[in-house]
Amino acid sequence: MCGRPVWLASYSLRRNGRIVATGRYSQQQRRAAVAALKHLLVGVGDDSMQRVFRMNVTICLHKALSRADEARIPREWLTEAGRDIAGMPVEIIEETVTGAASTRPCANPIRFVVDHSRPDLWIPTPCGRCESCEARARV
């Protein structure tokens, strides 16, 4: 989030003990997920810097730490080089600040299906050629 550490909250649904793929959420379920995530992080972070995005199992909210939050974390968190980045999103739902190219979904992801009985649950494997993949490779 513009180089700032983030709070992260994630939301998933299960029906009859089975994960519901986020691509199958109704508009009402998606709105409820976003509302729950925002409610969960009320009072922490910088409300002007947040992004809601969809993975295939979770809907996530990244919210930049506030300056007061940053003052409470160890200095090395802000000075050590990053070691890796998290998996890429499938879709950006909303954002208050446009994310860097490395935070965008792959334009042509290869769908790695983990369980062939559930083709709706897949891990996006980077194509390696689009702008967002090239940006992630530089990170």
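The values are calculated or read from the model by the stated rules, or taken from the named source; none is laboratory data. This one's a predicted model, so the numbers in the text were calculated from it and none came from an experiment. Here Cβ is always computed from backbone atoms with ideal geometry, including for glycine, and neighbour counts include all displayed protein chains.
Data overview
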{"read-out": "Considering residues of the range 19-56 that are in contact (Cβ under 8 Å) with a residue 40 or more places away in the chain and among the basic types (Lys, Arg) only, the residue surrounded by the most Cβ atoms within 10 Å (Cβ to Cβ)", "value": "ARG51"}
{"read-out": "Considering residues of the range 47-87 that are touching a helix residue (DSSP H, G or I) at 6+ places or on another chain (Cβ under 8 Å) and farther than 26 Å from ILE123 by Cα only, the residue modelled with the lowest pLDDT", "value": "LEU78"}
{"read-out": "Condition check for ALA81: among the aliphatic types (A, V, I, L, M) and not in a loop (DSSP other than H, G, I, E, B)", "value": "no"}
{"read-out": "Given (1) buried (at least 16 other Cβ atoms within 10 Å of the Cβ); (2) assigned to a strand (DSSP E or B); (3) not hydrophobic (A, V, I, L, M, F, W, C), number of the condition ARG14 does not satisfy", "value": "(1)"}
{"read-out": "Any pair with Cβ under 9 angstrom, 6 or more apart, that starts in the range 106-126 at a residue that is within 19 Å of ARG18 (Cβ to Cβ) and surrounded by fewer than 12 Cβ atoms within 10 Å (Cβ to Cβ) and ends at one that is of a type in the set (D, E, K, R) and at pLDDT 90 or above", "value": "PRO119/ARG111"}
{"read-out": "Qualifying residue in the range 1-9 (condition: surrounded by 15 or more Cβ atoms within 10 Å (Cβ to Cβ), at pLDDT below 95, assigned to a loop (DSSP other than H, G, I, E, B) and not hydrophobic (A, V, I, L, M, F, W, C))", "value": "yes"}
{"read-out": "Sole residue being over 17 Å from the mean Cα position of the chain (by Cα), among the small types (Gly, Ala, Ser) and modelled with pLDDT of 95 or more, chosen from SER26, SER12", "value": "SER26"}
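The rows are residues; the columns are (1) more than 19 Å from ARG72 (Cβ to Cβ); (2) not small (Gly, Ala, Ser).
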residue	(1), (2)
ARG4	no, yes
ASN16	yes, yes
ILE19	yes, yes
ARG24	yes, yes
LYS38	yes, yes
LEU41	no, yes
SER48	yes, no
PHE53	yes, yes
